[in-house]
């Protein structure tokens, strides 16, 4: 399985960055109007908001190639949590499109959301 690319500095993301955790919940509604809820999975799933700025052409190309090789949100890859250093082996991009912003010659930025698959 492939791994999310690192910047030439060795970092996975730049700050400010964000992360969140949540639980997928299934809800059964009964004819009398009551509901029963339960977690679909014991552990919560995580999401990371990755903001990368002032990237050079090579770093932008590497991220774009990786995104394309994963077929956008349909692929699965390993991602290292920048806060904990834990490698999550089954992650995907949340969005199906990649928007690269070019700010000046040879410099650009990108924002991604990576989610842990359930």
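Throughout, read-outs are computed from the coordinates displayed, never taken from laboratory work. Here the structure is a predicted model, which means the values were calculated and not measured. Counting neighbours? That spans all protein chains shown, and the Cβs are built from the backbone with ideal geometry, glycine included.
Here each label is just a point 7 Å from Cα along the line to Cβ, and for residue 113 and residue 47 those points are 0.4 nm apart. For residue 62 and residue 28, the FRET efficiency from 1/(1 + (r/R0)^6), where r spans their Cβ atoms and R0 equals 41 Å, is about 0.35.
Rounded to the nearest 0.05, what FRET efficiency is calculated for residue 83 and residue 104 with R0 set to 30 Å and r the Cβ-Cβ distance?
Approximately 0.50, to the nearest 0.05.
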